[in-house]
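Structure, as structure tokens:
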Number of protein chains: 2
Amino acid sequence: MKKKVTLKQIARELDVSVSTVSRALADSKEIGENTRRRIQAYAKFLNYKPNNIALSLKNKKTKTIGVLIPEIVHHFFSTVIRGIEIVANERGYNVIVGLSNESFSKEVLNMEMLANGSIDGFVLSISKETLLKQDYHHFNETINQGIPIVMFDRVVNEVECDKVIVDDFKGSVKAVKKLIANGCKHIGLITTMDYVSVGRLRTQGYLRALEESQMYAAPNLILKLDDMVSLEENLDVLENEIEQLFKKNPKIDGVFAVNELYAVTAMKVAKKLGLAIPDDLQVIGFTDGVLSKHASPSLTIVSQHGQKIGEKAADLLIDRLEMDEDDGDANISDNTREQAFETCVIETEIIERESTK
Amino acid sequence: MKKKVTLKQIARELDVSVSTVSRALADSKEIGENTRRRIQAYAKFLNYKPNNIALSLKNKKTKTIGVLIPEIVHHFFSTVIRGIEIVANERGYNVIVGLSNESFSKEVLNMEMLANGSIDGFVLSISKETLLKQDYHHFNETINQGIPIVMFDRVVNEVECDKVIVDDFKGSVKAVKKLIANGCKHIGLITTMDYVSVGRLRTQGYLRALEESQMYAAPNLILKLDDMVSLEENLDVLENEIEQLFKKNPKIDGVFAVNELYAVTAMKVAKKLGLAIPDDLQVIGFTDGVLSKHASPSLTIVSQHGQKIGEKAADLLIDRLEMDEDDGDANISDNTREQAFETCVIETEIIERESTK
DNA sequence: ATATCGTTCGGAAACGTTTGCGTTAAAAAT
DNA sequence: ATTTTTAACGCAAACGTTTCCGAACGATAT
């Protein structure tokens, strides 16, 4: 078992000092041609690689970014991670992930864990429990320690930081207007409780679209589901609720659902009730996962481009991290170096498939 | 912006030495009652948390494990990560993920990146390109550096380490036998090229089941798809291939597919060709993802319990890491401390749904 | 011949910890 | 009264780097 080779070891065996080795490997002109070459050759021979931990300690930066998400077994979040990973890798950063599992305390613990030197900054999406409690102290404390945060998807005004969101509102308006343009007269909405910002915004988009088309949003047509229902376990509860929606609204001819599961379940229930898709009923969902693509009929969706979100979030974070770098010797500094926080909106896009005409 | 508080700072402000602070916080009895309490109180007041990087450097262990997978936007892999995360968290470890994207060079680079001090050990699944090239030097070198590896799912005999796999062979036999028991006489197989071990094993399972039931495995009934086809992009190619399979075998009445996508696509094509499921054709897939649960009809599958795989892999790795700990002062040592490598098989389970009788 | 300078390198500090060992003073033993 | 013990703490090394500062030495300038 070959132990890791260190500067000290090279120095000893080549009978020079550690600093000389360090400089030689950095190609410093302070070191003579011959010694420099000799050291470099030997180092390459031993396959020397500097110890990241030591570098981190010295430089006070770890070149790794912490990603904190509520759940990883979820198509949207994994595409975001992929995006983050891609640009992180490109720019020389590592990614360490923490799962909050939608729990407030796990979110806090994970943050504290990572904030003690392990990472340079966070990319995160807030857990549902945190949104419910509206307790954001851990975010603000982290930021106050000088660790920047970029939030995506589930964001909150109470924390000042860079944010990356999708145009939930606009996307929903577009979707519902498409249903209207396609001839739908009675459009149902299947959504979540309002405390999840994205659910609320998508609901508002639905309302706005109807309003702008001089259509009445019958309360009967709106199904608000609480979280217990979206759990995979009680799929039957979900189906039941949706069935009630259809039965209460026999004239329903369009459905807008705020996520994929609701949408495909709606199609399933509709088919059971003898409704033909898209002839009797057209369906559009929000998100893009695997379900929508492979359902039959395949589902028309509002795509949110998770990967692009991840890429943008990582870019924002790293930009800020590397801006802070040349902050110490801010001599030319216009006195406010702090770059203003940015909220970046990733455009959604409707992908038409078989569930609409 | 409050800078991170350090031992030195506490020491200065309390007019004691750094070592005294360190010991006081560690509750050492070497430090007097009063100073100890005074220091502890002040530390708590300042919300002192030790710097992980400094600890890592000192202890030569980072308490983080590296996870290297081919792809993250994949239900199976994300469930595995979830499993890893759960036990890692429980046992005080962090998880840093790297994506090889099925590429050999990215796999190597990622490993080298992380192996330089960032992690204590790896949990990984081999990329397809690596399997093709059969170049495993990076794994062996890493192990040789004293960094243990646990492989899961896609493993390889050429590397000696702990492994966690599913009983691909046995699971496939079970699945195909179930089709036979359900009355299928002509069972098709949709599988991948042989160099991916899991594909090969599942194919062998199919063959064995037929053999044991004195059935002939007609070459016509076996569809081996290369990887280009499994890409989401050319879904139509996949559908076309499967359609040919059905047309060449009009008497086909059962299908065993080695992954979810193949299985649901088979159902889709079958429905298009006018076959009723499960009456005319029964289908079983390997894996468990979201598709199978929500397809219509829902898909009977061989579930591989990704989360359990992740949990076991993480446990094996951490066990080995913490075994190595008390290895230095191995005084009572029966001369071979090295624990033998373990290959752990996670049992599969057939989950019956609507695609079988 | 002396002063100045540039080249080439080593020593040491620093990053934040932990820990073996030494030191001091007071308490206990002789 | 002198020695030994013990309690309570500080010093310094170590982990692996980078980098500031200074040292040595030969070469050039005066």
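The values are calculated or read from the model by the stated rules, or taken from the named source; none is laboratory data. These numbers were taken from a predicted model, which means no experiment stands behind them. Every residue, glycine as well, gets a Cβ built from its backbone with ideal geometry; the counts of neighbours run over all protein chains shown. Protein only, heavy atoms only, side chains kept; ligands, DNA and RNA dropped before computing areas. Shrake-Rupley method; radii C 1.70, N 1.55, O 1.52, S 1.80 Å.
Annotations for the structure displayed:
- Cα pair distances of segment A:1-132 binned at 5 Å [whole percent]: 2, 9, 15, 14, 12, 11, 9, 9, 7, 6, 4, 1, 0, 0
- Cα-based convex hull, segment B:131-247, per residue volume (Å³, whole number): 125
- Sequence-distant residues sharing a close amide H with A:Phe152 (under 5 Å, placed H): A:Leu124, A:Ser125, A:Ile126, A:Val164
- Ranked by the mean number of other Cβ atoms within 10 Å of their residues, highest first, the peptides B:269-280, B:293-304, A:204-215 come out as B:293-304, A:204-215, B:269-280.
- In this structure, the amide hydrogen of B:His186, modeled 1.01 Å from its nitrogen in the peptide plane, lies closer than 5 angstrom to those of B:Asp253, B:Gly254, counting only residues at least 5 positions away or on a different chain.
- Label point distance in nm, A:Ala218-A:Glu160, each placed 7 Å from Cα along Cα→Cβ: 4.9
- The protein assembly as shown - Rg and Dmax from Cα coordinates, angstrom: 28.7, 89
- Computed from the alpha carbon positions, the gyration tensor of chain B leads to an equivalent ellipsoid with semi-axes of 52, 21, 18 Å, biggest first.
- Per-residue mean of C-beta atoms belonging to partner chains within 10 Å, peptide A:286-293: 3
- Here the spin labels are modelled as points 7 Å beyond Cα on the Cα-Cβ line, and at B:Asn47 and A:Glu322 they lie 3.1 nm apart.
- Heavy atoms of A:Glu160: accessible area, 1.4 Å probe, square angstrom to 10: 130
- Once the C-beta distance of B:Leu55 and B:Leu14 is scaled by a Förster radius of 25 Å, the resulting FRET efficiency is 0.70 to the nearest 0.05.
- Ranked from largest, the principal axis spans of the Cα set of segment B:220-320 equal 53, 29, 23 Å.
- For segment B:7-50, convex hull volume per residue from C-alpha positions, Å³: 59
- Spatial extent of segment A:51-91: Rg and Dmax, with the Cα atoms as the point set, Å: 13.3, 38
- In this assembly of identical copies, the label point of A:Leu132 (Cα plus 7 Å along Cα-to-Cβ) is separated from its counterparts by 4.8 nm, sorted shortest first.
- Pairs from the table (A:Lys268/B:Lys128; A:Lys268/A:Lys312; A:Lys2/B:Lys163; A:Lys357/B:Lys271; B:Lys49/B:Lys163; B:Lys3/B:Lys61) lying more than 28 angstrom apart at Cα are A:Lys268/B:Lys128; A:Lys268/A:Lys312; B:Lys49/B:Lys163.
- Couplings for segment B:149-162, taken from phi via the Karplus curve 6.51 cos²θ - 1.76 cosθ + 1.60 with θ = phi - 60°, read 10, 10, 9, 9, 6, 9, 10, 7, 5, 5, 10, 8, 6, 5 Hz in order; Gly and Pro are left as x.
- Sequence-distant lysines (8 or more away, or on other chains) whose Cα lies within less than 16 Å of B:Lys248: B:Lys185, B:Lys224, B:Lys272
- Computed label-point distance, nm, for sites A:Ala276 and A:Lys247 using a 7 Å Cα→Cβ extension: 2.5
- GNM result for chain B, Cα springs below 10 Å: residue of B:Ile65, B:Ile53, B:Ile318 fluctuating most strongly: B:Ile53
- Amide H contacts of B:Glu342 (H built 1.01 Å from N, under 5 Å, at least 5 apart or other chain): B:Asp162, B:Lys163
- FRET efficiency, 1/(1 + (r/R0)^6) with R0 25 Å, evaluated for B:Gln40 and B:Met1 via beta carbons: 0.45
- FRET efficiency, B:Lys29 to B:Glu112 (Cβ-Cβ, R0 51 Å, nearest 0.05): 0.70
- Table column - 3J(HN,Hα) (Hz), segment B:62-67, Karplus curve with 6.51, -1.76, 1.60, x for Gly and Pro: 9, 6, 9, 10, x, 10
- About the Cα centre, charge dipole magnitude for segment B:168-304 (Lys/Arg +1, Asp/Glu -1 at Cβ), debye: 540
- Neighbourhood charge, 13 Å Cβ-Cβ cut-off, centred on B:Gly199 and excluding it, Lys, Arg +1 and Asp, Glu -1: 0
- For chain B, the longest principal axis of the C-alpha atoms and the axis of helix B:235-248 are separated by about 40°.
- The mean number of partner chain beta-carbon atoms within 10 angstrom of a residue's beta-carbon across peptide B:52-60 is 6.
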